[in-house]
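In what follows, a single structure is set out as structure tokens and then discussed.
What follows draws every value from the coordinates through simple rules; no lab data is involved. Treat the numbers as computed from the prediction; the structure is a model and nothing was measured. FYI the Cβ positions are ideal-geometry reconstructions off the backbone, even for glycines, and counts take in every protein chain you see.
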Protein chains: 2
Amino acid sequence: MISTKEALNRIERAVKNEVVLTVELKNSLGCFLSEDIESPIDLPMFDQSAMDGYAIKLEDGNKFKTVGEIQAGDDASTVVLENNQAIKIFTGAMCPDSADLVCRIEDIEEMDNTILVNELPLEGANIRRKGEQIKKGDLALKKGHLVTPATIGFLANLGISKIKVFTSPKVAILSTGNELCPPGSILPIGKIYESNAVMLETALKQIDIEVIGSNKTLDTLQATIDNISELLSQSDILIITGGISVGDYDFVAEALEANDVEQIFHKVSQKPGKPFYFGTKDDKLVFALPGNPAAVMTCCYMYVLPAIQKFKGGGFEGLSSMELVSNSVIEKTNGREQFLKAFALGNEVSILEGQSSAMLHTFAEANAIVYLPAHTQLEKGDKVLTYKIY
Amino acid sequence: MISTKEALNRIERAVKNEVVLTVELKNSLGCFLSEDIESPIDLPMFDQSAMDGYAIKLEDGNKFKTVGEIQAGDDASTVVLENNQAIKIFTGAMCPDSADLVCRIEDIEEMDNTILVNELPLEGANIRRKGEQIKKGDLALKKGHLVTPATIGFLANLGISKIKVFTSPKVAILSTGNELCPPGSILPIGKIYESNAVMLETALKQIDIEVIGSNKTLDTLQATIDNISELLSQSDILIITGGISVGDYDFVAEALEANDVEQIFHKVSQKPGKPFYFGTKDDKLVFALPGNPAAVMTCCYMYVLPAIQKFKGGGFEGLSSMELVSNSVIEKTNGREQFLKAFALGNEVSILEGQSSAMLHTFAEANAIVYLPAHTQLEKGDKVLTYKIY
């Protein structure tokens, strides 16, 4: 069995996507830029007042003749201040070339046609210079930049309304198992309610990935082959749950082989999720996860999310992680690495009771996953690598 | 001027929402439960095999007669094992009442009609007992619980397909300013590209809030009154940008008063965002933010997000925060508290160059906001409160 690190390395190497899409800026949240963006303008586009006050041309003294006003949005390109003249100006308004500085309204005494400034600020004060934030032609954002709300605001500031980004993967889900029935129905004896598909769909929705197809199959070889074939033809990433262990009715590995999917690994030395299989067909990725729901959720967070992020043009990263201080004691683990449901608060983290891979109750109460290497004893106060779910 | 803490306290007290909605489970991501949920079933609903192997009824010895198989999904309620009988069983399958334990397939030698078990596990081994995860009628999740993908999986496991949650707020946006033009258009001299509305819309989209109306208004009192009146009638939360400072064309405070909005505070001792105004009209909330885009983004993250979370039934919390180690030196701050654009990596954080409230470029490069109290000097290695944007 390979380690989690080796599993991650092999997945990372398999992820490839160079397909580029032009999108409306407002629809680009969470995408990654597929090319550098140069600024099409100087920002600000003109010398701009940073305050409500008066734009002043100095000569001598601190008394100035007032000659009108410039509102935000006004074209002040023809305004010329003479020596010892001042013009009322507002935040964001165009500042005349002839102005030496802007004095804040709070620091001024206004009289009829004149103002008195008790303490003159330095030359250039309260003027945002043309191109001060960025100059036309300068690099605004680099290829690979994650589009956040502030990115969208910044590009809108530059007048940009469409950008080029890498495409998101088309993801399909296949749930296997004779025992699965939809929630809301009456359950025949021996059956259970299906939860993996809706759980995966919503985990993907959180990162703005819409699932393009979600099938269920009974545990027969032919049905499994047919469902894999259908979903693989439509998707970039196929996630399968169940049917990947050693039982007589676990047909997923065989059905993947029949679909010419190349096995990259099968089984990882981890808990939960030991039977985890990963394969590829050309550039398509197949994650075949064990059917236990907590194992599905863990493998989705730890392996599928980083793969999707890399596919979209970002780094091979999923949940954000950091070292937190453990409030819990864990007896020495065996040879498998462990992902433990946990609750993080501030700089501390507590490992929750109920770590069985069948138990989603614990996962529903968790806001973090703690990683423990193999053969590790955890004491209170130890630092542990913690992945934040929310 | 009030402190940021006082501003937060006053906003928290003003947020009220008791409206409840029944939603499909699959559409409930990010909502908060409006009532306790009791489990409608035992989970598992029956004794269940945790492994692929054999269910065994002990008598003596370690040799057992095999009598068929139970697949996952099969009704095994009529299966009765005699002493020293074993039945093949698969993970998730119903385990007969008469079975004493399940032995893993890996630990068994299979022969014609018999199996040999070299080392028998303890009684009850590898059987997940009926109701082991949760019993019918027990508390499954508490009122106020945040619905995550794992929550959805857990509730689906319980057969639940609809739940009751608190409603999300209807949010409207009003951008004020004669100088604003839409990105993608040709800019007349003196004008700038509008960025605040699309930035706020996408920041809200990230937390699954859809903006129900977004208006722009010129800087006249009547137009500002009319726009506020229209948007306030449709929304629970109104966010206004610009027009809240001391200039002659800042009509927002006056227009809010004309709309019977009660001022809760105006001006906070912070940088950026000093002119920030907050008011209420009955249970409706009005956030009037200064027009500088970095101030808008900061106030949205620090004040609007916690208010929305509380409205939805969660705690008054926005971005997640923690103490990180500073890589930067900041000279002693003045009397205002500061929110600084920063980049966090692991347990460390660097404060970025370019903190002007007009600069979105820095915000686009930031993944965190560092909070500094008033009159504070920051040295390398000091711990600082850091809010993670992503």
note = Rounded to the nearest 5, the percent of antiparallel DSSP beta bridges in the protein assembly as shown equals 70
key: Overall Cα dimensions of the range A:335-388 - principal axes, largest extent first, Å   = 30, 26, 16
Rounded to whole Hz, the Karplus (6.51, -1.76, 1.60) HN-Hα couplings of the range B:187-201, x for glycine and proline = 8, x, 4, x, 8, 9, 7, 6, 10, 5, 5, 5, 5, 5, 4
note = Residues whose modelled amide H sits under 5 Å from the amide H of A:Cys31, counting only those 5 or more places away in sequence or on another chain, are A:Val147
remark   = Gyration tensor (Cα only) of the range A:48-128 to equivalent ellipsoid, semi-axes in Å sorted down, yields 17, 13, 12
inquiry  = Please list, in order along the range B:58-73, the HN-Hα scalar couplings obtained from phi with the Karplus expression 6.51 cos²θ - 1.76 cosθ + 1.60 (θ = phi - 60°), rounded to whole Hz, x for Gly and Pro.
reply    = 7, 9, 8, x, 10, 10, 10, 7, 8, 9, x, 8, 10, 8, 4, x
ask   = Among residues other than B:Leu180 whose Cβ falls under 9 Å from its Cβ, what is the net charge (Lys/Arg +1, Asp/Glu -1)?
value = 0
ask   = From the label point of A:Lys274, set 7 Å from Cα along Cα→Cβ, how far away are the matching label points in the other copies, in nm, ordered shortest to longest?
value = 6.5
ask   = A:Asp138 label points, 7 Å along Cα→Cβ, one per copy: pairwise distances from this copy to the rest in nm, shortest first?
value = 6.1
message = Given points 7 Å out from each Cα along the Cα-Cβ axis, report the B:Ile212 to B:Asn62 separation in nanometres with one decimal.
response = 7.0
inquiry  = Among B:Leu231, B:Pro275, B:Leu8, which residue has its Cα furthest toward the positive end of the charge dipole of chain B, with +1 on Lys/Arg Cβ and -1 on Asp/Glu Cβ?
reply    = B:Pro275
message = Defining the label point at 7 Å along Cα→Cβ, can you sort the distances from A:Gln206 to the same site in each other copy, shortest first, in nm?
response = 1.6
key: the range A:140-281 - Rg and Dmax from Cα coordinates, angstrom   = 19.3, 63
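Got a sec? How would A:Arg13, B:Arg10, A:Arg128, A:Arg336 order by Cβ neighbour count within 10 Å, fewest to most?
Details: A:Arg13 11, B:Arg10 14, A:Arg128 22, A:Arg336 19.
Ordered from fewest to most neighbouring Cβ atoms within 10 Å, A:Arg13, B:Arg10, A:Arg128, A:Arg336 come out as A:Arg13, B:Arg10, A:Arg336, A:Arg128.
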request  = For the range B:125-145 and the range A:47-107, write down the distance between their C-alpha centroids in whole Å.
outcome  = 71
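Rounded if a/c is under 1.5, else prolate if a/b is larger than b/c, else oblate: which is the range A:103-196, with a ≥ b ≥ c the root eigenvalues of its Cα gyration tensor? Intermediate results must be reported in sequence, preceding the final value.
On the way: a/c = 6.54, a/b = 2.82, b/c = 2.32.
Here the range A:103-196 falls in the prolate category.
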task = Please tell me the relative contact order of the range B:105-244 in percent, rounded to the nearest whole number, where contacts are Cα pairs under 8 Å and at least six residues apart.
result = 26
query = Considering only DSSP beta bridges whose two residues both sit in chain B, what percent are antiparallel, to the nearest 5?
reply = 70
For B:Val329, B:Val296, B:Val211, order by how many other beta-carbon atoms lie within 10 Å, fewest first = B:Val329, B:Val211, B:Val296
inquiry  = With an 8 Å Cα cut-off and a minimum separation of 6 or more residues, compute the relative contact order for chain B in percent.
reply    = 16
remark   = the protein assembly as shown -> Rg/Rh from Cα coords, Kirkwood Rh, value 1.06
request  = With chain B rotated onto chain A, spot the residue of B whose Cβ lies nearest the axis and note the distance in whole Å.
outcome  = B:Met322, 4
inquiry  = Based on DSSP loop calls and a cut-off of at most 12 other Cβ atoms within 10 Å, the longest stretch of chain A free of exposed GluC sites (Glu not before Pro) is what?
reply    = A:211-316
inquiry  = For B:Asp74, what residues show an amide H to amide H distance below 5 Å, using hydrogens built from the backbone and excluding near sequence neighbours?
reply    = B:Met94
inquiry  = So the label point goes 7 Å from the Cα of B:Glu106 along Cα→C-beta, right? Which residues of the range B:38-62 then have their backbone N under 16 Å from it?
reply    = B:50-54
remark   = A correct Karplus calculation of ³J(HN,Hα) over the range B:238-245, with 6.51 cos²θ - 1.76 cosθ + 1.60, θ = phi - 60°, whole Hz and x for Gly and Pro, returns 10, 10, 10, 10, x, x, 10, 8
task = Would you mind ranking B:Lys205, A:Lys312, B:Lys341 by Cβ crowding within 10 Å, fewest neighbours first?
result = B:Lys205, A:Lys312, B:Lys341
ask   = Using the beta-carbon distance between B:Leu221 and B:Tyr390 and R0 = 41 Å, what value does 1/(1 + (r/R0)^6) give for FRET efficiency, to the nearest 0.05?
value = 0.55
query = Residue farthest toward the positive end of the dipole of the protein assembly as shown, with Cβ of Lys/Arg at +1 and Asp/Glu at -1: which of A:Ser175, A:Leu200, B:Val370?
reply = B:Val370
note = Computed for the range B:1-145: size of charge dipole around the Cα centre, +1 on C-beta of each Lys and Arg, -1 on C-beta of each Asp and Glu, debye to nearest 20, value 1120
request  = With only Lys, Arg, Asp and Glu charged, each at its Cβ (+1 for the first two, -1 for the last two), find how big the charge dipole of chain A is about the Cα centre; round to the nearest 20 debye.
outcome  = 1280
ask   = Between B:Gln270 and residues 5 or more places away or on another chain, which pairs have amide H atoms under 5 Å apart, with H built 1.01 Å from N, and which residues are they?
value = B:Glu337
key: Mean-position separation - Cα centroids, the range B:150-208 and the range A:251-312, in angstrom   = 34
inquiry  = Given Cβ point charges of +1 (Lys, Arg) and -1 (Asp, Glu) and nothing else, what value in debye, to the nearest 20, does the dipole of the protein assembly as shown about its Cα centre take?
reply    = 360
ask   = Assuming R0 = 51 Å, what is the FRET efficiency of A:Glu254 and A:Asp36, from their Cβ-Cβ distance, to the nearest 0.05?
value = 0.65
task = Could you give log10 I(q)/I(0) at q = 0.09, 0.11, 0.12, 0.14 Å⁻¹ for chain A, computed by the Debye formula over C-alpha point scatterers of equal weight, without solvent?
result = -0.68, -0.83, -0.92, -1.14
